C-alpha cells in the first residue's frame, strides 16, 4: 500500500489509504504500508526499481492522489520493478492527470468536452486572457492542468478575476487551463475493468457552495451526494456509455472515476475530468456508486487486486527485445 506523497492531496491520500487498508485486512490480505512523506521520503525505504528486487510484494495498491502518484511517475517505477499494481498504466495515468490532454484525446474520440484554452507559465499572460475572452467569455473556470481535488481552481466573472485566478493556478503547475463554465448538474460514474470495462450507476454531487472546491469536498462537509443521480433513465444510460467510451479512449485499466457536467439548457453531457486513483474515504463516490450497483466494498477491492494480477500476467508474455 503506497500512501501519502508529495502532492497537495497528501492528507486526502492518508484518509483514503486508511479506509483501503482496513478493508483489505478485513478481507484477509496482508497489507504492508509504504508511507511517503510530504518531502518524498519513504518509510520503509523505497521500492527497488528492478525485476525481482521486491520479493515480499505480490501486488502494489497505490493510493497516491495527484502529483507524483496519479500522473504516471509511480506507475513508471512499478513497471521498472516488474510489479503488478492496481489502476491505470503509465500513459493513461499521465494523460488523465493533464486536463488538457484528457480533453483533446476524448474530443478526438467524439466525446463532448467544454470549450477551453491552455497557457504556459513562460508565455505572456495577456494572451491567455485574450484567448479565453474571445473563445467563450465569462463566467469561466481556471485550473492547474496537473492537479486534483479541486486544488488551485477558481471561478472568474471578470477580466480582473481571471488574471488573479491564472496567477493563483500557476502556483501549482506551469500549465493552466481556462474553460467555459457549464451551468447544470455535476455527475460522476465509476468504471472498472481491463479488456472489458464496466460502468456503475451514475451519482450526482450537489456542492455546498458555488462550486465543488477542496474545502467543500474534505473540510466543510456541506456538499451532498445522491446515488442515483437526479437524471432520467436515458441520461443514466448515456452517462454510463460515455464513461466506458472515455475508458477506452484513454486506455484506462483497473479503476477510474469519470466526472461529467449535464448542461441544464442544452441537456448535453460534457466530460469534466478523469480520476485514475479516485478517493476511497468514507464519503468518496467511487466505492459508493459500486455499492449501489451491487458490488460491495470488499468485493470491489478483491476485483481490483485480481485485475492488477491479470494485467501483469498478460503483459508478462510481451517481448521487449528484438
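Before moving on, here are some points about what is shown:
- Residue match in the range 297-315 (condition: modelled with pLDDT under 95, assigned to a loop (DSSP other than H, G, I, E, B), surrounded by fewer than 17 Cβ atoms within 10 Å (Cβ to Cβ) and not assigned by TED's automatic domain parsing to the domain that holds residue 12): no
- Scanning the range 1-19 for residues that are over 18 Å from residue 71 (Cβ atoms) and either in a strand (DSSP E or B) or over 17 Å from the mean Cα position of the chain (by Cα) (or both) returns 1, 18, 19.
- Against the test of being outside the structural domain of residue 275 (by TED's automatic domain parsing) and without any contact (Cβ under 8 Å) to a residue 24 or more places away in the chain, the options 70, 160, 133 yield a single qualifying residue, 160.
- Residue among 221, 137 that alone is modelled with pLDDT under 95 and surrounded by fewer than 20 Cβ atoms within 10 Å (Cβ to Cβ): 221
- Scanning the range 141-179 for residues that are in contact with a strand residue (DSSP E or B) (Cβ under 6 Å, 6 or more places away or on another chain) and under 30 Å from residue 236 (Cβ atoms) yields 141, 143, 153, 155, 177, 179.
- Identity of the residue in the range 22-63, modelled with pLDDT of 95 or more, surrounded by 19 or more Cβ atoms within 10 Å (Cβ to Cβ) and not in a loop (DSSP other than H, G, I, E, B), that ends up farthest from the chain's Cα centre (by Cα): 34
Residue by residue, here is whether (1) assigned to a helix (DSSP H, G or I); (2) surrounded by 24 or more Cβ atoms within 10 Å (Cβ to Cβ); (3) at pLDDT below 95; (4) in contact with a strand residue (DSSP E or B) (Cβ under 6 Å, 6 or more places away or on another chain) holds:
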| residue | (1), (2), (3), (4) |
| --- | --- |
| 201 | no, no, no, no |
| 215 | yes, no, yes, no |
| 245 | yes, no, no, no |
| 288 | yes, no, no, no |
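- Residue within the range 190-199 that is closer than 23 Å to residue 70 by Cα, without any contact (Cβ under 8 Å) to a residue 60 or more places away in the chain and crowded, with 21+ Cβ neighbours inside 10 Å present: yes
The values are calculated or read from the model by the stated rules, or taken from the named source; none is laboratory data. Predicted model only: the values in this text are computed from it and were never measured. FYI the Cβ positions are ideal-geometry reconstructions off the backbone, even for glycines, and counts take in every protein chain you see.
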